Amino acid sequence: MEGPVHNEVIARRVAEAFGKARTGRRIREASDRALSSAVRAGAVIVEEDFAFTGAQQAAPPVRDRASAEAPGTAGHLPTMEIQVAAAQVVAECGDMPVEELIVATARLLGFARVGADLRGVIEAALR
């Protein structure tokens, strides 16, 4: 299972799977019910609007979001993945000023530009 993944991304993918161009209220509600069922069954964990498995919680993957189908908004980046990506940057490059760490972390996550939203999300995750 892909994860951590934002619940809005899950709903959008459900809509796409059924040939819908947008995620309406009914699709969102159905997606939320299915996610709640998976949580009750112990298949996934949900924290801060992100769903993931226990294995992903223990060792969050760092994914490259450069591809067109990857969720590309700053709000869809889980804190745990940003923290692991930043730790990888520091492990490979050593300590650096926070601004450089933000940019290097964004690059590792597949972002070519570091706008204000992305900068804010990464900076908040590093605190």
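The values are calculated or read from the model by the stated rules, or taken from the named source; none is laboratory data. The structure presented is a predicted model; accordingly, all values stated were derived computationally and were not measured. Cβ placement follows ideal geometry from the backbone for every residue including glycine, while neighbour counts extend to all protein chains displayed.
Residue-wise test of (1) crowded, with 18+ Cβ neighbours inside 10 Å; (2) part of a helix (DSSP H, G or I); (3) under 14 Å from the mean Cα position of the chain (by Cα).
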site: A55; (1), (2), (3): no, yes, no
site: A85; (1), (2), (3): yes, yes, yes
site: M96; (1), (2), (3): no, no, no
site: E99; (1), (2), (3): no, yes, no
site: G120; (1), (2), (3): no, yes, no
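For every residue, the table says whether it meets (1) in contact with a helix residue (DSSP H, G or I) (Cβ under 9 Å, 6 or more places away or on another chain); (2) aliphatic (A, V, I, L, M).
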site: N7; (1), (2): yes, no
site: V14; (1), (2): yes, yes
site: G19; (1), (2): no, no
site: T23; (1), (2): yes, no
site: I27; (1), (2): yes, yes
site: V39; (1), (2): no, yes
site: F50; (1), (2): yes, no
site: A58; (1), (2): no, yes
site: A85; (1), (2): yes, yes
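Assess whether D64 counts as being at pLDDT below 95 and not assigned by TED's automatic domain parsing to the domain that holds M1. The answer is yes for D64. Candidates E16, E8: the one that is under 12 Å from the mean Cα position of the chain (by Cα) and not β-branched (V, I, T) is E8. Against the definition (touching a residue at least 40 places away in the same chain (Cβ under 8 Å) and in a helix (DSSP H, G or I)), how does E8 come out, yes or no? Considered against the rule, which asks whether it is touching a residue at least 40 places away in the same chain (Cβ under 8 Å) and in a helix (DSSP H, G or I), E8 comes out as yes.
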